[in-house]
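Heads up, the thing below is written out as structure tokens.
The values are calculated or read from the model by the stated rules, or taken from the named source; none is laboratory data. Remember, predicted model here, so these are calculated numbers, not experimental data. Quick reminder, even Gly has a Cβ in these numbers, built from the backbone with ideal geometry, and neighbours come from all protein chains shown. Protein only, heavy atoms only, side chains kept; ligands, DNA and RNA dropped before computing areas. Shrake-Rupley method; radii C 1.70, N 1.55, O 1.52, S 1.80 Å.
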Amino acid sequence: MKHIEETTPCEAPFIGINRHRIGVDGEGVTTLTAFHGCPLHCRYCLNPSCLDADARVRRFTPESLYQELLIDDLYFIATGGGVCFGGGEPLLRLEFIHHFHTLCADRWKITLETSLNVPLKSLQTIAPLVHDFIIDIKDANDEIYTSYTGKSNTQVWENLQWLSENYDRDHVFIRVPLIPEFNTEKDVERSVKQLQTLGFEKFDRFTYRVK
């Protein structure tokens, strides 16, 4: 895959902005902003354009994105909502998110939708700014995970361990999907039980719908 480079240290490509979301991306009314770029190559990727070198993207600086989203400031404040960074993988864009947070401070809650398959240092750097994590775990079994994503989940579990010990687990929501042709209901339950040993209790079980 040809990589779409950032043109400035704090400018990033986005594949979409989805406003006025309720109950799916954190508290209150949220706006989902999806970055281009991901470390995984999932077989049933929900946002395949995030890996497409020819995808149509919009480039923002933290300042220009903030101005773009100011239209919903009243909704965010009234409902305790804010911005959900997804993608793609938002933890590849630490500098951008950090600068964005300096603009909205704590007026807008920041949620991250992440695979968590990034270096631990990246998670440690950004975690103090994040109100909620929504983690797509795929499957706890490394063989299943690797078959589905093309990458091991060893780093994911290191990061989950750190979150369990250093972050409020009540603000960690973990998606545990049933993935046709890759795992089973029993695999899903095994994943949940393994996550529970780390103290996590908020799960979203669902089935991928594939064509």
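Defining a contact as two alpha carbons under 8 Å apart and six or more residues distant in sequence, what relative contact order in percent does the stretch 41-132 show?
Working: 81 pairs, mean separation 27.1, N = 92.
About 29 percent, as a whole number.
Which percent, to the nearest 5, of DSSP beta bridges fully inside the chain are antiparallel? Provide the component values of the computation, followed by the final result.
On the way: 9 of 31 bridges.
Of the beta bridges lying entirely in the chain, close to 30 percent run antiparallel.
For E95, what accessible area in Å² do you get when you roll a 1.4 Å probe over the heavy atoms of the protein chains, rounding to the nearest 10?
Roll a 1.4 Å probe over it and E95 shows about 90 Å².
Name the most mobile residue of L178, L103, L112, meaning the one with the largest mean-square fluctuation, in a Gaussian network model of the chain with Cα contacts below 10 Å.
Greatest mean-square fluctuation among the candidates belongs to L103.
What whole-number volume per residue, in cubic angstrom, does the convex hull of the C-alpha atoms of the stretch 165-211 give? Please report the intermediate quantities before stating the final value.
Values: hull volume 3.6 nm³, N = 47.
Enclosed volume per residue, from the Cα hull, is 76 Å³.
Could you tell me which GluC sites (Glu not before Pro) in the stretch 148-211 are loop residues by DSSP with no more than 13 other beta carbons within 10 angstrom of their beta carbon?
Sparse-neighbourhood loop GluC sites (Glu not before Pro): E181, E201.
Can you send over the solvent-accessible area of R169, 1.4 Å probe, protein chains only, in Å² to the nearest 10?
90
What whole-number value in Å² describes the accessible area per residue of the stretch 30-94 for a 1.4 Å probe? Provide the component values of the computation, followed by the final result.
Details: 2950 Å² over 65 residues.
Result: 45 Å² per residue.
Taking the Cβ of I15 as the centre, find all other residues whose Cβ is under 10 Å away and add up their charges (Lys, Arg: +1; Asp, Glu: -1).
Values: positive: R56, R58; negative: D52.
Counting the neighbours of I15, the net charge comes to +1.
Mind checking Rg over Rh on the chain, alpha carbons, Kirkwood formula for Rh? Intermediate values should be presented prior to the final figure.
Details: Rg = 16.7 Å, Rh = 17.6 Å.
Ratio of gyration radius to Kirkwood radius for the chain: 0.95.
With no solvent and one equal point scatterer per Cα, compute the Debye intensity ratio I(q)/I(0) for the stretch 91-211 at 0.11, 0.18, 0.23 Å⁻¹ and report its log10, rounded to two decimals.
Once normalised to I(0) and log-transformed, intensities are -0.38, -0.95, -1.36.
If amide hydrogens are placed 1.01 Å from N in the peptide plane, which non-local residues have theirs closer than 5 Å to the one on R175?
HN-HN under 5 Å from R175: I135, D136, I137, D204.
For the stretch 133-189 and the stretch 46-91, compute the distance between their C-alpha centroids and round to whole Å.
For the stretch 133-189 versus the stretch 46-91, the Cα centre distance is 24 Å.
Hey, what's the stretch 107-211 come to in accessible area per residue, 1.4 Å probe, Å²? Write out the running numbers ahead of the final one.
Details: 5150 Å² over 105 residues.
For the stretch 107-211, the solvent-accessible area averages 49 Å² per residue.
Let me know the charge dipole size of the chain about its Cα centre in debye, to the nearest 20, where only the beta-carbon of Lys, Arg (+1) and Asp, Glu (-1) is charged.
Values: 22 positive and 30 negative charges, 86 e Å.
It comes to approximately 420 debye.
Which percent of the accessible heavy-atom area of the chain goes to carbon and sulfur, probe 1.4 angstrom? Display every interim value, and only then the final one.
Details: 5300 of 10460 Å².
Answer for the chain: carbon and sulfur cover 51 percent of the accessible area.
Short version: ³J(HN,Hα) in whole Hz for each residue of the stretch 154-161, in order, from phi by Karplus 6.51 cos²θ - 1.76 cosθ + 1.60 (θ = phi - 60°), x for Gly and Pro, what are they?
Result, rounded to whole Hz: 4, 5, 4, 6, 4, 5, 5, 4.
Could you give the Stokes-Einstein D for the stretch 94-153 in µm² per second, using the C-alpha Kirkwood radius, 37 °C, 0.692 mPa s? Mind dumping the intermediate values first?
Details: Rh = 13.0 Å.
This corresponds to a translational diffusion coefficient of 253 µm²/s.
For a quick check of understanding: with a 1.4 angstrom probe and all protein chains in place, what accessible area in square angstrom does K193 have, to the nearest ten?
Roughly 130 Å² of K193 is accessible to a 1.4 Å probe.
Would you kindly calculate the translational diffusion coefficient of the stretch 33-142, applying Stokes-Einstein with the Kirkwood radius from alpha carbon pairs, for 25 °C and a viscosity of 0.890 mPa s, and quote it in µm² s⁻¹ without decimals?
Numbers: Rh = 14.8 Å.
D, rounded to a whole number, is 166 µm²/s.
Kindly flag which residue pairs out of K138/K193; K109/K193; K138/K202 have an alpha-carbon separation exceeding 20 Å in this structure. Display every interim value, and only then the final one.
Numbers: K138/K193 14 Å; K109/K193 30 Å; K138/K202 15 Å.
Violating the 20 Å Cα-Cα cut-off are K109/K193.
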